[in-house]
Amino acid sequence: LRFFQIGNYLKGKKALVTAGGTQEPLDPVRYLGNRSSGRMGYAVAQALQEAGAETILVSAPTDLSAPRGVARVSVQTALEMHDEVLSRFEDMDIVVKAAAVADYRPAIQAEQKIKKDGSGRIIELVPNPDILAELGHKKKSQVLIGFAAETENLLIYAQEKMKRKNVDLLVANDVTKQGAGFGSSTNIVSFLFPDGRKIDFPKMSKLEVARHLVKEIADILGVKVK
Ligand code: CTP
Ligand code: CA
């Protein structure tokens with residue numbers, strides 16, 4: 001065996017994970033971005049690979065290197081991520097959307113660097129496609145996992161997203177908590193299921209969260225975890 005594996009209960013399964021924060025260019029030198037580090041998605045890709053799944057990471061820019069044994073496709077924008085994910089979706093057994101996808105992009109991408117002229121500016125934004133919602137409507141046998149990072153009304157917003165996006169499990173976290181969310185190596189999450197079940201986890205490393213998630217994915221697939 002070339003790569004470190006903890007089990008092989010997902011052997012033969014194909015998994016796709018998105019990670020990182022998309023960047024939406026304003027001009028050749030500037031973009032609109034967000035605070036995602038990519039760590040949660042990379043940990044999920046690692047945990048899926050360790051469980052034996054053939055894993056591909058569709059990643060917006062991060063400082064991280066791809067986990068061992070995981071293939072990586074690099075993207076910058078939400079539209080690029082949309083195309084890379086949609087073109088692979090049919091083949092997949094598992095899709096985890098951990099990326100922080102920009103909801104909007106600048107309406108105009110200037111070809112040359114925008115020059116200052118001393119006056120104020122308004123940036124016009126247009127909506128990006130909701131990749132996860134599209135997958136939710138297209139899905140057949142795929143297990144689909146979404147994330148929701150919130151700063152208020154966590155459970156209400158998360159439950160609404162789970163239904164609207166037709167996911168099999170939603171990982172919800174309150175990013176205002178210490179040791180949770182953006183940039184942190186730990187996270188404090190709850191898993192929400194369409195049947196109303198909820199599992200609350202204490203603070204743990206993102207890799208531990210990822211391993212719990214992979215166990216739930218195996219359970220949804222009806223695979224026995226040894
Ligand atoms: N997501 C996506 N495509 C988008 C926006 C979000 O695939 N254009 C996915 C994220 O990867 C995540 C989930 O949807 O798995 C929830 O993202 P979030 O930003 O919390 O939800 P939104 O539907 O964008 O709602 P809002 O930002 O208004 O809270
Ligand atoms: Ca959003």
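Restricting the search to the stretch 189-220, which residues are surrounded by 16 or more Cβ atoms within 10 Å (Cβ to Cβ) and of a type in the set (A, V, I, L, M)?
VAL189, LEU192, MET204, LEU207, VAL209, ALA210, LEU213, VAL214, ILE217, ALA218
List the residue pairs whose Cβ atoms are under 6 Å apart, where the first residue sits in the stretch 208-222 and is closer than 14 Å to ILE6 by Cβ, the second is open to solvent by 10 Å² or more (accessible area, probe 1.4 Å) and outside any helix (DSSP H, G or I), and the two are 6 or more positions apart or on different chains.
LYS215/VAL225; ALA218/TYR9; ALA218/VAL225
For the stretch 133-152, how many residues are open to solvent by 90 Å² or more (accessible area, probe 1.4 Å) and either of a type in the set (Val, Ile, Thr) or closer than 13 Å to LEU192 by Cβ (or both)?
Within the stretch 133-152, the first condition is being open to solvent by 90 Å² or more (accessible area, probe 1.4 Å), and the residues that meet it are 137-138, 140-141, 151-152.
Restricting the remaining residues to those that are either of a type in the set (Val, Ile, Thr) or closer than 13 Å to LEU192 by Cβ (or both) gives 151.
Matching residues across the stretch 133-152 total 1.
Just name the residue that is surrounded by the fewest Cβ atoms within 10 Å (Cβ to Cβ) out of those in the stretch 117-132 that are within 16 Å of ligand 2 (Cβ to nearest atom) and of a type in the set (A, V, I, L, M). Write out each step before concluding.
Here is the first cut: in the stretch 117-132, the residues within 16 Å of ligand 2 (Cβ to nearest atom) are 125-132.
After this cut, where a residue has to be of a type in the set (A, V, I, L, M) as well, the list is 125-126, 131-132.
Details: LEU125: 14, VAL126: 10, ILE131: 26, LEU132: 24.
It comes out as VAL126.
Taking the options ALA180, ALA218, name whichever one is farther than 22 Å from ALA53 by Cβ and not basic (Lys, Arg).
On the way: ALA218 fails: farther than 22 Å from ALA53 by Cβ.
Sole residue among the options that is farther than 22 Å from ALA53 by Cβ and not basic (Lys, Arg): ALA180.
Check THR186 against each of (1) closer than 24 Å to LEU10 by Cβ; (2) open to solvent by less than 70 Å² (accessible area, probe 1.4 Å) and name the one condition it does not meet.
Only one criterion in (1) closer than 24 Å to LEU10 by Cβ; (2) open to solvent by less than 70 Å² (accessible area, probe 1.4 Å) is unmet by THR186, namely (1).
Need pairs with beta-carbon distance below 8 Å; first residue over 19 Å from ARG35 (Cβ atoms) and within the stretch 52-64, second among the acidic types (Asp, Glu) and open to solvent by 10 Å² or more (accessible area, probe 1.4 Å); sequence gap 6+ or separate chains.
Once the first residue is over 19 Å from ARG35 (Cβ atoms) and sits in the stretch 52-64, its partners that are among the acidic types (Asp, Glu) and open to solvent by 10 Å² or more (accessible area, probe 1.4 Å) give ALA53/ASP93; VAL58/GLU84.
Looking at (1) of a type in the set (Lys, Arg); (2) under 20 Å from PHE147 (Cβ atoms); (3) surrounded by fewer than 24 Cβ atoms within 10 Å (Cβ to Cβ), find the lone condition where ARG30 falls short.
With respect to (1) of a type in the set (Lys, Arg); (2) under 20 Å from PHE147 (Cβ atoms); (3) surrounded by fewer than 24 Cβ atoms within 10 Å (Cβ to Cβ), ARG30 is out only on (2).
Can you find even one residue in the stretch 43-51 that is more than 21 Å from ALA149 (Cβ to Cβ), in contact with a helix residue (DSSP H, G or I) (Cβ under 9 Å, 6 or more places away or on another chain) and among the charged types (D, E, K, R)?
Applying the first criterion (more than 21 Å from ALA149 (Cβ to Cβ)) to the stretch 43-51 yields 49-51.
Then keep just the ones that are in contact with a helix residue (DSSP H, G or I) (Cβ under 9 Å, 6 or more places away or on another chain); that gives 50-51.
The next check asks that each one be among the charged types (D, E, K, R); those that pass are 50.
Looking through the stretch 43-51, at least one residue is more than 21 Å from ALA149 (Cβ to Cβ), in contact with a helix residue (DSSP H, G or I) (Cβ under 9 Å, 6 or more places away or on another chain) and among the charged types (D, E, K, R).
The values are calculated or read from the model by the stated rules, or taken from the named source; none is laboratory data. No experiment lies behind these values; they were computed from the predicted model shown. Counting neighbours? That spans all protein chains shown, and the Cβs are built from the backbone with ideal geometry, glycine included. Calculation scope for accessible area: heavy atoms of the full protein, side chains included, ligands and nucleic acids excluded. Shrake-Rupley method; radii C 1.70, N 1.55, O 1.52, S 1.80 Å.
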